[in-house]
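To start, the structure itself, in structure tokens.
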Amino acid sequence: MSTVLKVENLSHRYSSAWAIRDINFEISQPGVIGLLGSNGAGKSTTMNIICGVLNQTEGNVIINGINKSKDPRLAKKQLGFLPQTPPVYSDFTVQEFLTYAADLRFIETGKVKKAVAEVMDRTGITHFSSRLIRNLSGGYRQRVGIAQAIIHKPGIVVLDEPTNGLDPNQIIEARKLIREIAVDHTILLSSHVLSEINLLCRDIIMIEGGRMVFSDSMESFNNYLQPTTILVRMENPPSESELSKIPGVTKVQFITDRQCRIWFAENKPVNESIIAASIQHNWKLQEISLEKSVLDDVFKQLSRQS
Ligand SMILES: Nc1ncnc2c1ncn2[C@@H]1O[C@H](COP(=O)(O)OP(=O)(O)OP(=O)(O)O)[C@@H](O)[C@H]1O
């Protein structure tokens, strides 16, 4: 399948410091690709460059074979963008705003009406077509934001933290819509929340401190996450110091009277030793489960390796 987006040696320097250095990746088929990074990692800078809002200091962005620096207008035609704050005008109705967006995206005048109707249907906002955007809920405003990003049927859609600021129900709805759109679009979606990327994305690109530290399938990322702690619940638990004596245990912390979290040395889970000790001392084990690394630990591990 042909490459939809290629990012080559991308670096950007704001006045005082480098925000991103040497980012490289290639995306070639429909689906959602996650751009994961903590706050300040460089996600927005990368996305703003890809979408032509910012010019990179070094490197290339090639969209559907078109180099963004050489032919920005044609490159932009291949791309839809929803920035962190939806670029919607509160005093426009949904229909007026999308008609305006169609114009900005160079859709031929005779085809605008149909494009607006189609995209409202696709994003589930037809019933609000005459409503002022200022009177829409955050979730529907976000739908309008997504609609303007796909109205011209671009090859790639870039969504910068699209579920940020939405309530839990709106988040579920937004994810559903993103999955639907991903059936025939390639979506690059940023988030600082691993679980969000995990739920939505086929592949993951992770940046930290402006550098790319991981790029592979979500499946191999999940395999990479090693368990580092065990959550244990016992009806008759021993003291913290007694648990700490089990070989391999590095730290014990009680969360409630009967539940504790146990840390162990890297790659050496101590679950079997805990089960054996519980039987021996009648601690009455009720629950034991391995917990995978928290995102901060993953960032640290991957950053160290790069
Ligand atoms: N206009 C700017 N001028 C100077 N430095 C900037 C500017 N915009 C961003 N930066 C810096 O560049 C780095 C990357 O910022 P960026 O906004 O791309 O990160 P991010 O991963 O999108 O973070 P967030 O999730 O908080 O938006 C940060 O250190 C940030 O402080």
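Cα convex hull, the range 228-268: 58 Å³ per residue, rounded to a whole number.
Kindly provide the helix-only [θ] at 222 nm of the chain, computed as the sum of -39,500 (n - 2.57) over DSSP H runs of four or more divided by all residues, to the nearest 500 deg cm²/dmol?
-10000 deg cm²/dmol
Between residue 279 and residue 244, the FRET efficiency estimated from the beta carbon spacing at R0 = 25 angstrom works out to 0.85. Each listed q (0.07, 0.08, 0.11, 0.14 Å⁻¹) maps to a log10 I(q)/I(0) for the chain from the Debye sum over equal C-alpha point scatterers, namely -0.37, -0.47, -0.75, -1.01. Going from the fewest other Cβ atoms within 10 Å to the most, the residues 215, 195, 278 appear in the order 195, 215, 278. Between residue 90 and residue 127, the contour length at 0.36 nm per residue exceeds the alpha carbon distance by 11.6 nm. Extension gain for the segment residue 69 to residue 113, taken as residue separation times 0.36 nm less the Cα-Cα distance, is 12.7 nm to one decimal. Taking the charge dipole of the chain about its Cα centre, with +1 at Lys and Arg Cβ atoms and -1 at Asp and Glu Cβ atoms, the residue from 116, 264, 231 reaching farthest to the positive side is 116.
About the Cα centre of the chain, how large is the charge dipole given +1 on each Lys and Arg Cβ and -1 on each Asp and Glu Cβ? Please answer in debye to the nearest 20.
Dipole about the Cα centre, nearest 20: 700 debye.
In the frame of its principal axes, the range 202-259 has Cα extents of 45, 22, 21 Å, reported largest first. This ranking places 263, 283 by how few other beta-carbon atoms lie within 10 Å of each, fewest first, which gives 263, 283. Annotation: the range 80-154 has a Kirkwood hydrodynamic radius of 11.9 angstrom, from the mean reciprocal C-alpha pair distance. For the chain, a Gaussian network of Cα nodes joined below 10 Å ranks 32, 144, 183 by mean-square fluctuation, and the top entry is 183.
Once the C-beta distance of residue 288 and residue 193 is scaled by a Förster radius of 25 Å, the resulting FRET efficiency is 0.35 to the nearest 0.05. Using the alpha-carbon atoms, what tilt in degrees (0 to 90, nearest 10) does helix 295-305 show relative to the longest principal axis of the chain? On a 0 to 90 degree scale, this one is about 90.
DSSP loop (so not H, G, I, E, B), at most 10 other Cβ within 10 Å: list which trypsin sites (Lys or Arg not before Pro) in the range 48-101 pass both filters.
Working: sites: 68, 70, 73, 76, 77; in loops: 68, 70.
Listed in order of number, the matching sites are 70.
With R₀ set to 35 Å, the beta-carbon distance separating residue 60 from residue 253 gives a calculated FRET efficiency near 0.10.
Here, each number is a calculation from the coordinates, and none is a lab measurement. Since the structure is predicted, the reported quantities are computational estimates derived from the model, not experimental observations. Every residue, glycine among them, receives a Cβ derived from its backbone with ideal geometry; neighbour counts consider all protein chains shown.
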